[in-house]
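Structure first, then comments.
All of the numbers you see were taken from the coordinates with simple rules; none came from a lab. No experiment lies behind these values; they were computed from the predicted model shown. Please note: Cβ atoms are built from the backbone with ideal geometry, for glycine as well, and neighbour counts cover all protein chains shown.
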Amino acid sequence: MRISKLRPVGNPIPLGQLFGGSKPCVSFVDGYQAYFYQSGTASLAAVLLALSGHRPDRRKVILPAYACPDVLTAVLFCGLEPVVVDFEQDKPFLSFEELKESVSADVLAVIAVNFLGIQERIPEIDNIARPHGVMVIEDSAQLAPWKSKSRPRAHYSILSFGRGKPESVLTGGCALVDKNLNVNLPVYVESSSVKNVFVYTLKVLTYNLLSTPIFFGLLSKLKFLGIGKTKYKTLQTISGMNGTAKKVLFRVVGSALTNKNIYFYDWQAEIRNYAQFGVIDLAQSCHLGAGAFLLRHPILVKSHDQRQKLLALGSDFGMSALYPSLLPLADGVPIQFGEQSWPNAQRFCDRLVTLPCHVGVTPAYRRKIIEVLDSVVRDD
């Protein structure tokens, strides 16, 4: 029985950044005011509360049908009504056709998600939303501007720094607000006491240790821990980001801004060999180009059965399925969406496989993943 297991996502936190390390960044994202909260979910909720305070007559928010349940958490926390929109066929993008049908005078905002680093078409979405007075919020929880070299393109952008995120410091999130807007969000100041620093350092050391293949594999076998499970969680309140984590974050970002050799593995060359067998490389089909930063590398295979075979053989090597269901059907969602269906998003969900891109993806793991793809995709 194999004990070790490669985590599907997430780099260890550099210990040097805890006690000095790189020079902190001075400006977080040029042209944007940054507001820091305890999570990306809280950051999104803070923006929605501010917008709804200005436009109390607008109570609906448009969401993609396949996304992290935390997006829905923020909407419901604000007492707003979610409107779920299907994907384009075989793309992690909002359907323009359904979006045009959904925007109206009672819609407050559209949440456009940058899927694993694949950027949504913000200018086109804004062109659909703006004539109706609808704001666009760019969810960049899975994309780091400092790694992707891509600036936010909406007036509001959400970042997350939790486990498995592009710039992880285990906790925290940020709402970026265009400085040209006359909008102010609540500001919270969190202390960085000696106790706070000590506890946070222990968490980082534990996280780094448990992320190694041996310990991650052992933890994954304890099913009651729910490692990697995705479910709806409620948001109780909005508070500020951990002060110690925030200091570390600014050093991590400072390092990313000066380091031209950000590590991640680009699978595009290998995946190109499977196109003839019906595999769709989303990085290529969404025109990312070689060397584009991805949190995980997403592909679509021919069928759900083929996806399940790949995961059965490849999960020990970091292959994963991301979210197991559509957003409205996620475990624990407290509201019903009636008889609606989202066929493109469902087919996307059923066929999605992600490949690991982090620093732990050694040549040996890459060979194992290629062996799994060959045994399932070529022989199916």
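What the Cα atoms of region 268-378 give is an Rg and a Dmax of 15.0, 47 Å. Amide H contacts of Phe115 (H built 1.01 Å from N, in plane; Pro and chain starts excluded): Glu120 sit under 5 Å, all sequence-distant by 5 or more or on other chains.
Largest GNM mean-square fluctuation across Val301, Val199, Val353, computed for the chain with C-alpha springs under 10 Å, falls on Val199. Volume per residue for region 201-255 equals 142 cubic angstrom (convex hull of Cα atoms). Extension gain, Ser325 to Lys302: 0.36 nm times the residue separation minus the Cα-Cα distance gives 6.5 nm. When the Gaussian network model of the chain links Cα atoms closer than 10 Å, the mean-square fluctuations of Val253, Val197, Val107 top out at Val197. Using a cutoff of 8 angstrom between alpha carbon atoms and counting only pairs six or more residues apart, the relative contact order for region 259-357 works out to 35 percent.
Residues His287, His304, His297, His155 in ascending order of nearby Cβ atoms (within 10 Å, fewest first): His287, His304, His155, His297.
With the simple model of a label 7 Å out from the Cα in the direction of the Cβ, Arg347 to Leu202 spans 5.2 nm.
In this rough spin-label picture, where each label sits 7 Å from Cα along the Cβ direction, the Thr212-Ser239 distance is 3.2 nm.
Given (i) 0.97; (ii) 1.13; (iii) 1.06, which label gives Cα Rg over 2.2 N^0.38 Å as computed from the coordinates? Evaluating Cα Rg over 2.2 N^0.38 Å on these atoms matches (i).
With helices as the sole contributors, the chain gives -9500 deg cm²/dmol at 222 nm; each DSSP H run of n ≥ 4 counts as -39500 (n - 2.57), and the sum is divided by every residue. Computed on the chain, with alpha-carbon pairs under 8 angstrom and 6+ residues apart, the relative contact order is 25 percent. For Ala292, nonlocal amide neighbours, meaning residues 5 or more places apart or on other chains whose placed amide H falls under 5 Å from its own, do not occur. Each Lys and Arg Cβ is given +1 and each Asp and Glu Cβ -1; about its Cα centre, region 268-378 then shows a dipole of about 300 debye.
Largest GNM mean-square fluctuation across Gly164, Gly240, Gly53, computed for the chain with C-alpha springs under 10 Å, falls on Gly53. Within the set of other residues whose C-beta is less than 13 Å from the C-beta of Thr171, count the net charge using Lys and Arg as +1 and Asp and Glu as -1. With Lys, Arg at +1 and Asp, Glu at -1, the neighbours total +3. In this structure the amide hydrogen of Tyr37, modeled in the peptide plane, comes within under 5 Å of the amide hydrogens of Gly173, Cys174, Ala175, Met241, none closer than 5 places in sequence on its chain.
Here the dipole of the chain is about 1440 debye; that uses its Cα centre as origin and unit charges on the Cβ of Lys and Arg (positive) and Asp and Glu (negative).
Among residues other than Glu190 with Cβ under 11 Å from its Cβ, the summed charge is +2 (Lys and Arg +1, Asp and Glu -1).
Projected over every direction and averaged, the convex hull enclosing the alpha-carbon atoms of region 1-155 yields 12.5 nm². Listed from fewest to most Cβ neighbours within 10 Å, the set Phe264, Phe215 follows the order Phe215, Phe264. Note on region 30-109 and region 273-333: Cα centroid distance 24 Å, given to the nearest whole angstrom. Pairs from the table (Lys91/Lys246; Lys91/Lys302; Lys5/Lys229; Lys165/Lys247; Lys229/Lys309; Lys91/Lys309) lying more than 24 angstrom apart at Cα are Lys91/Lys246.
For the chain, the residue among Leu99, Pro145, Val85 whose Cα projects farthest onto the positive side of the dipole built from Cβ charges is Pro145. Would you be so kind as to identify which of Pro343, Val301, Pro328 lies farthest towards the positive end of the dipole of region 268-378, taking Lys and Arg as +1 and Asp and Glu as -1 on Cβ and the Cα centre as origin? Of the candidates, Val301 comes out farthest on the positive side.
When only Cα pairs below 8 angstrom with a gap of at least 6 residues are kept, region 160-206 shows a relative contact order of 23 percent. Listed by Cβ neighbour count within 10 Å, with the fewest neighbours leading, Glu339, Glu167, Glu138 appear as Glu339, Glu167, Glu138.
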